Amino acid sequence: MRKDKNLGPVLTGSFYICSMQSHPIGVFDSGYGGLTVFKEIAARLPQYDYIYLGDNGRAPYGNRSYDTVHQYTWECMQWFFKMGCPLVIVACNTASAKALRTIQQQDLPALGNDKRVLGVIRPTAEVIGNYTQTKEIGVLGTKGTVNSGSYLLEINKFFPDVNVHQLACPMWVPIIEYGEYNSEAADYFVKQYLDELLSKAPNIDTILLACTHYPLLMGKIKKYLPENIKVIAQGDIVAESLEDYLTRHPEMESSLTKGGSMQFFTTDDVNDFNDHGSIFFGKPVSAQHLHL
Ligand code: DGL
């Protein structure tokens, strides 16, 4: 373990030092997907310090049980807190759908401190109805997100006149996590799920990518859809909502350090993360390994 001049959190091997002077915003996903959200957050709010963690070693989360997704997500949240993050964005729909409520209502109050964990479903549901003319929306996500019914519930609160047609796309995250997003297999599975959605709900004019991995398939998704259908990714929506949250919570805003730094951690292979992560993030990333 080594000391760091900047007093920032440092990881050497499986040890880390937590600085009391660095208070970054945490951004979490089961793997690479959250980088599509982090990219927009960092572009909109470049002044803050950030730590990104991809739990690639245990991804995908999409088919896992509530208990497992909660256990993994909470373990990661506790690590972020040790790293000095007062606020963590769960940039993963599956974890937002299956773990966030328990974390916000039970785990955080039991800790008895002022840490905050925010998800991606609520901010998306608050605006998604504004994009549709036909009042028919398609929501594509993992099995976990779709089966949780979270989007049906949340969109209905804000847009009761909008019909939501959900479809789970269980092959998409594995294809992306294994770096096969440009392959013929990706074409095959993108077309298959889109055909299925449109055959069930032909009047859809808006499709929400309710999984932060899916923007990596954006080119292929648009290729197999009629031009009049809008495809919405969440990155910008979540970034705007975070900016609004920080304006409304000055006590949280002032507790964050503003050094403009970014650190990336993965629970799996660092070289793989750097290769694929830079594509998701749109810039080179250099990750450190985290053994949880
Ligand atoms: N990016 C995660 C989401 O938004 C992927 C889920 C997974 O790991 O299956 O749902």
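The values are calculated or read from the model by the stated rules, or taken from the named source; none is laboratory data. This structure is a prediction, so every number in the text was calculated from the model and none was measured. FYI the Cβ positions are ideal-geometry reconstructions off the backbone, even for glycines, and counts take in every protein chain you see.
Would you call ARG101 surrounded by fewer than 22 Cβ atoms within 10 Å (Cβ to Cβ), without any contact (Cβ under 8 Å) to a residue 40 or more places away in the chain and charged (D, E, K, R)? Yes: the conditions hold for ARG101. Which ones in segment 167-191 are part of a helix (DSSP H, G or I), buried (at least 16 other Cβ atoms within 10 Å of the Cβ) and of a type in the set (A, V, I, L, M)? VAL173, ILE175, ILE176, ALA186, VAL190 - these are the residues of segment 167-191 that are part of a helix (DSSP H, G or I), buried (at least 16 other Cβ atoms within 10 Å of the Cβ) and of a type in the set (A, V, I, L, M).
For segment 91-99, the criterion of a residue being away from the ligand (no atom under 12 Å from the Cβ), of a type outside the set (D, E, K, R) and within 19 Å of the chain's Cα centre (by Cα) is satisfied by no position. Is it the case that segment 85-93 has a residue that's at pLDDT 95 or above and more than 19 Å from ILE237 (Cα to Cα)? Checking segment 85-93: at least one residue is at pLDDT 95 or above and more than 19 Å from ILE237 (Cα to Cα).
Only one of LEU242, LEU225 is part of a loop (DSSP other than H, G, I, E, B) and modelled with pLDDT of 95 or more. Can you tell me which?
Working: LEU242 fails: part of a loop (DSSP other than H, G, I, E, B).
So the residue among LEU242, LEU225 that is part of a loop (DSSP other than H, G, I, E, B) and modelled with pLDDT of 95 or more is LEU225.
Restricted to segment 193-243, and to residues there that are within 15 Å of the ligand (Cβ to nearest atom) and hydroxyl-bearing (Ser, Thr, Tyr), the residue that is surrounded by the most Cβ atoms within 10 Å (Cβ to Cβ) is THR212. Only one entry of SER241, SER183, SER199, SER261 meets the criterion of being out of contact with any Asp or Glu (no Cβ under 8 Å at 6 or more places or on another chain) and more than 22 Å from LYS143 (Cα to Cα), and that entry is SER183. In this structure, GLN21 qualifies as more than 22 Å from ARG122 (Cα to Cα) and either within 15 Å of the ligand (Cβ to nearest atom) or among the polar types (S, T, N, Q) (or both).
In this structure, GLN133 does not qualify as assigned to a helix (DSSP H, G or I), among the polar types (S, T, N, Q) and more than 16 Å from the ligand (Cβ to nearest atom). Being surrounded by fewer than 23 Cβ atoms within 10 Å (Cβ to Cβ), within 12 Å of the ligand (Cβ to nearest atom) and in a helix (DSSP H, G or I) is the filter here; which residues of segment 58-71 pass it? Within segment 58-71, ARG58, THR68 qualify. Taking the criterion of being within 20 Å of the chain's Cα centre (by Cα), closer than 22 Å to ALA99 by Cβ and free of Cβ contacts under 8 Å to residues at least 24 places away in the same chain, the residues of segment 147-201 that qualify are ASN147, GLY149, LEU152, LEU153. Under the condition of being outside any loop (DSSP other than H, G, I, E, B) and within 11 Å of GLY26 (Cβ to Cβ), the residues counted in segment 79-105 number 8. Within segment 270-277, one or more residues are of a type in the set (Val, Ile, Thr) and more than 15 Å from the ligand (Cβ to nearest atom). Collect the residues in segment 257-292 that are assigned to a loop (DSSP other than H, G, I, E, B) and surrounded by 17 or more Cβ atoms within 10 Å (Cβ to Cβ), keeping them in residue-number order. Of everything in segment 257-292, those that are assigned to a loop (DSSP other than H, G, I, E, B) and surrounded by 17 or more Cβ atoms within 10 Å (Cβ to Cβ) turn out to be THR257, THR267, ASP268, VAL285, LEU290.
Considering only residues that are among the aliphatic types (A, V, I, L, M), at pLDDT 95 or above and part of a helix (DSSP H, G or I), which ones fall in segment 111-122?
Selection gives ILE121 alone.
Restricting LEU53, LEU108 to those that are within 13 Å of the ligand (Cβ to nearest atom), touching a helix residue (DSSP H, G or I) at 6+ places or on another chain (Cβ under 9 Å) and not in a loop (DSSP other than H, G, I, E, B) reduces the list to LEU53. Checked against (1) in a strand (DSSP E or B); (2) at pLDDT below 95, VAL164 meets all criteria but (2).
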